[in-house]
Structure formats: structure tokens, C-alpha cells
1. Would you call residue 73 in contact with a helix residue (DSSP H, G or I) (Cβ under 9 Å, 6 or more places away or on another chain), buried (at least 16 other Cβ atoms within 10 Å of the Cβ) and at pLDDT 90 or above?
2. Can you give me the number of residues within region 59-89 that are in contact with a strand residue (DSSP E or B) (Cβ under 6 Å, 6 or more places away or on another chain) and part of a helix (DSSP H, G or I)?
3. If you scan region 109-120, which residues turn out to be surrounded by fewer than 21 Cβ atoms within 10 Å (Cβ to Cβ) and assigned to a loop (DSSP other than H, G, I, E, B)?
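The values are calculated or read from the model by the stated rules, or taken from the named source; none is laboratory data. Keep in mind that this is a model prediction, so the values were computed, not measured. When we count neighbours, we look across all protein chains shown, and the Cβ atoms used for this are built from the backbone with ideal geometry, even at glycine.
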């Protein structure tokens, strides 16, 4: 029986169907691999180190550098299993690329983020995903969300440690003492802005600011950033 155009079309369609089936199977396999990586990140609660050759040095950070960043921007650095947000596809792709370089699956992940992005125990820059690579070094795999703003660093400055908190309280007291009208603190007519009474006003506002700060800190079970940067608890 002669080979017709109809037979040619049928064979062509069959070939396309076969190609589409292969593409579909490849996509399914890729999706399964993505889900495995995502599950690994979301379930990681232990610290394990990975030997990865040829890493980009600009993306490798020591634990001391990470600690300073966390303290400066009031962030936490915890196992990724405590992270309660969604893991973006870009992070999954970056992990899979790193696994290809390492020749092994990644099993340990750390995330730097505000405390509000973690599931913390009872006793708040956006996320950065790290992989431990040995010798106290961590490789930055992926960052998503917004940039860490200087405004966040400014807000976190007073609670970096007790010295910063004390300086902040004294600065607030000095500003308040400077803004109080002279007529409110001395009965002398025509008294100048500066005088011993102004120093007395600063002393009073400093005592008040110190008492209010201490009360607010202990009633809210505050934690300084030097202590909270790798803490698994709220406070």
C-alpha cells in the first residue's frame, strides 16, 4: 500500500505526542526535585556542614560577620525549619544549582530574617538563605524580599545592648529638658534659657526616662540584639 500524505501526517502527530510526553515527564521530575528541596529547607532543624568547592567568596560570610549584621539590623539567624514564610522558586533554583556544584544534596540551611518571620518558642530586612560550608563559614544561597534598610538599623540601634539603651534614654531626656519652656521651671522673670535650673530639669527628665525605660524593658521581657540574634525564643 503506497505511503500517503495522510500517513505522513499521522506519523508526525505521533512523534509530537511522544515529544510532548517526554517533556511532560521531565517537567514532573523537575517539580518533584523542587518539592524535595523545598521540604528539606522547611524541615531543617539541625546544623550540618557541606563541602562545596569553588564557592563565590563574596557570598561566604563568617559567623562573626553574621552576628554583627543581625545585631545591627535586629535580625535572627536560625535553622530554616523555624522559618514560617514561603520559600520562593528562586531560592529553590539556587539550591539546586549549588547541589550540582557540590555533587551532593544540601541538608542543612540557616535563614537570617526578622523574628516575626520565624516560629519562635514562648519563654519579628527580609529573609536570606544560607548553607553552612565549614569552619564557621556560611554561603549566602539566596535573598528575597526587600533590601535591609538603614531605617531598620536606626530603629534597632537603641536595643543593640544596654549601653545603647542608656544613651538613647539620656538623649531623649536631654531633648525634653531643652524643649521645656523656661517659665515652667523657674519663677524668675526674664530668666535666660540656660541656668542651673535647666540642669535640674535634665536631671529630673533623666530620672523619669530611666525609670520608664527600665519598667518598659522588664515588663516586656526585652532582649538585647547581642543576645537575641540567634535566640529561638520570643524573649
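1. Numbers: in contact with a helix residue (DSSP H, G or I) (Cβ under 9 Å, 6 or more places away or on another chain): yes; buried (at least 16 other Cβ atoms within 10 Å of the Cβ): yes; at pLDDT 90 or above: no.
So residue 73 does not fit the description; no.
2. So the count comes out to 5.
3. 114, 119, 120
Here is a yes/no grid of residues against (1) touching a strand residue (DSSP E or B) at 6+ places or on another chain (Cβ under 9 Å); (2) modelled with pLDDT under 90; (3) surrounded by 15 or more Cβ atoms within 10 Å (Cβ to Cβ):
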site: 106; (1), (2), (3): yes, yes, yes
site: 137; (1), (2), (3): yes, yes, yes
site: 145; (1), (2), (3): yes, yes, no
site: 157; (1), (2), (3): no, yes, yes
